[in-house]
């Protein structure tokens, strides 16, 4: 159409004609959406009615039929964050197994297939937005699960709220979900809330390192600032004290100079909030300098294979972090029923790497969703959201603590453990930490 | 259109079919005049296209509107970038920076409680000023050096966003309220669609005027023969700087619409990949053609999604392969192909041809 339009020079006649068309259509159009608005919802219900006979009275949400529940997932399968695509692939593989075994028995006693659509967004928020809309409107999914990223969660929040679609177990722990929660309860986060992580670690440090001094390395932005403020607040009134603080830029080449400055403070605890390869660098530098301090790292950096072991032999010994997934890289976990179930599942699927942290996260997401679907009373999206936010002591194969959720707290983990790295694997520390 | 206006068409039978002789490669590389349909057809197709575009958001679900709106957003960027690269001959790999400035202008203005149209205006003005300031020194450079400076601009964008943290909230990003004003009886997706349609149509008309008028000819003169242009009284440096700033303003407005559409901006939205998709857009669409921006925008919006549904591994490779193929074999882009395919048909349509 545009090709032909090329030729049309903006002549008076053209302009006039176009202008008339604009006015006419705008007038005609203002009322046009109402009809169109109802159409998808109506057709969704029709589709439900065709297959549902008994449940028809109960007005099921789109994506829920007598034989099937449809779930959507948008995740980076390509691009720099493609490694996280394992979350979606594992989610799909898990429910493929469930379906092969005859489906999932829901509260009404009927077995249904759970079909999972995984679409690639390349970690591009524009693609995530488009994917989520087409999953909801075109594929008519019942709910979304395991979508990745803070930006993705926040940017689709107004949409899922308006459409009334649960966006469950999003791969983020951003504190923004909490503030969003009052007006938009439809989004829940899979990772422990970042503020809760700080609180749990501070409690651990107060109990295990009385009278210690701490030095903190943090990102020079408001996420880093909030971590620093969180620790300062938590240490207030205790005998712990932050004696040195160094920010670093995400765009910088190394954090060596910051670590050197912090080491000069001779603090007993190193709060290392560097992300990704910066975490590896800081551990390496710390060992070079011979700085003898207990290092604490953030959950995303607590990946033994990618970030800790590459720092070199002994560099990561004694590193502390929060634990919300069992250590899947530790062969000595064999014998633990949950760990064995995971290993059996992963070895049965080529696309699931038994040592991959994102795959384990996908496995946990799948089990959370499975439990929510099973506990759901009725067949509406509201019922699913309610089920997902009222878990009581739910045991997951890979979670070190049972999961309890409440409708007023939009994250899966209200309770976590703390773990210590022994150079090869993680050891769980005694005690649970509960959100304030 | 200006391809033929500025470079003498090498073949007299500009739009003949493949039977006209030569290999397929030659046929693809042959420059062609713009389509010249009779007046009635031009009017009819313009009205038809306008009507279709106006109805789209009213009859479609929001996921369709979202992608069509994104096509218009990319079109606006493409129009501006094509003005700079296609007509002006200046390379820019840094337009994601101006796109980001526009997006953040809308986000920050929205936080300050500004109305959306006013925020969009700011989204055009700020990049214009920044583009002018950057263009002043940078455009004294040529070719590769200019490419490198603008590349640095694109790479520095996410870091710069984090550095201006009090304004941009760093890596946490800003949520934007994209809901239409109370007096507009439209949904969010429809409202942003019409804003984008208005901006894209305006951009389209303005670009065509610029490309055909005195300014357009001076752009092309600067591109093809800088010395000659200078002796003829064209202030080449001034022309280039204004062109750069104008092109930045296009990207800024597009960025502003993008922010309103997605209702969230964060530093990770504006990386180098975005700039690369902009360059792919104008090369695939057709350099120095106005409708090429539309075709290129359709390409960058839909083709990567299509290839990734076939194989996720293919997504990254698509841009590279397509860029190389087009640079070698289809230098006039999709717009050139469209002329080749439709030219013979349009010539057969009866009616008084345009002047």
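The table for this structure:
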| item | result |
| --- | --- |
| Separation in nanometres of the label points that stand 7 Å from Cα toward Cβ, at residue A:105 and residue B:232 | 8.4 |
| Approximate shape of chain B as ellipsoid semi-axes (Cα gyration tensor, √5λ), whole Å, largest first | 33, 25, 20 |
| Cβ neighbours within 10 Å from other chains - mean over B:163-173 | 5 |
| Calculated log₁₀ intensity ratio I(q)/I(0) where the Debye formula runs over C-alpha points of region A:310-356, q = 0.22, 0.24, 0.25, 0.31 Å⁻¹ | -0.88, -0.94, -0.97, -1.15 |
| Range of Cα positions in region A:314-420 per principal axis (Å), largest first | 51, 32, 22 |
| Calculated FRET efficiency for the pair residue A:208/residue B:164, C-beta based, R₀ 51 Å, to 0.05 | 0.80 |
| Evaluated over the protein assembly as shown, the Cα radius of gyration and Dmax, each in Å | 29.0, 93 |
| Cα-based Kirkwood hydrodynamic radius, region A:190-254, one decimal, Å | 12.6 |
| Degrees, to the nearest 10: A:12-29 long Cα axis against longest axis of chain A | 80 |
| When the convex hull of its Cα atoms is projected in every direction, mean area for region B:271-346 (nm²) | 5.6 |
| Relative contact order [Cα under 8 Å, 6+ residues apart], chain B, whole percent | 33 |
| Gyration tensor verdict on region B:64-148 (Cα atoms; rounded if a/c is under 1.5, prolate if a/b is larger than b/c, oblate otherwise) | oblate |
| For chain B, built as a Gaussian network whose Cα springs stay under 10 Å, the top-fluctuating residue of B:157, B:69, B:307 | B:307 |
| GNM flexibility winner over chain B from B:292, B:147, B:80 (Cα, springs under 10 Å) | B:147 |
| Approximate shape of region B:155-239 as ellipsoid semi-axes (Cα gyration tensor, √5λ), whole Å, largest first | 39, 25, 8 |
| Nearest 10 degrees, 0 to 90: helix A:357-375 Cα axis against chain A principal axis | 60 |
| Gyration tensor over alpha-carbon atoms, chain A, equivalent ellipsoid semi-axes in Å | 44, 29, 20 |
| 10 Å Cβ neighbours from other chains, averaged over peptide A:128-140 | 4 |
| Inverse of mean 1/r across different Cα pairs in region B:269-315, Kirkwood, Å | 11.1 |
| Cβ neighbours within 10 Å from other chains - mean over B:260-273 | 5 |
| Tensor-based shape of region B:43-105 (alpha-carbon gyration tensor, a/c under 1.5 rounded, otherwise prolate or oblate) | oblate |
| Listed residues A:279, A:371, A:81, most fluctuating in chain A (Gaussian network, C-alpha, under 10 Å) | A:81 |
| Chain B: angle of helix B:272-285 to the longest principal axis, Cα-based, in degrees nearest 10 | 30 |
| Extended-chain gain in nm, criterion 0.36 nm per residue less alpha-carbon gap, residue A:229 and residue A:402 | 59.3 nm |
| Percent antiparallel among DSSP beta bridges (both partners in the protein assembly as shown, rounded to 5) | 35 |
| Order of B:188, B:95, B:142 under a 10 Å beta carbon neighbour criterion, fewest first | B:142, B:188, B:95 |
| Region B:235-297: relative contact order as a whole-number percent, Cα under 8 Å and 6+ apart | 17 |
| For region B:180-283: rounded, prolate or oblate by the Cα gyration tensor [a/c cutoff 1.5] | prolate |
| Between region A:102-161 and region A:409-431, the alpha-carbon center distance in angstrom | 29 |
| Sorted by Cβ neighbour density within 10 Å, fewest at the top, the residues A:191, A:287 | A:287, A:191 |
| Relative exposure of A:273, B:114, B:191, judged by other C-beta atoms within 10 Å (fewest first) | B:114, B:191, A:273 |
| Kirkwood Rh (inverse of mean 1/r, distinct Cα pairs), region A:123-253, angstrom | 16.8 |
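We did not get these values from a lab; they are worked out from the coordinates using the rules stated. Model, not experiment: these values are computed from the prediction. So basically every Cβ, Gly included, is an ideal-geometry build from the backbone, and we count neighbours across all protein chains shown.
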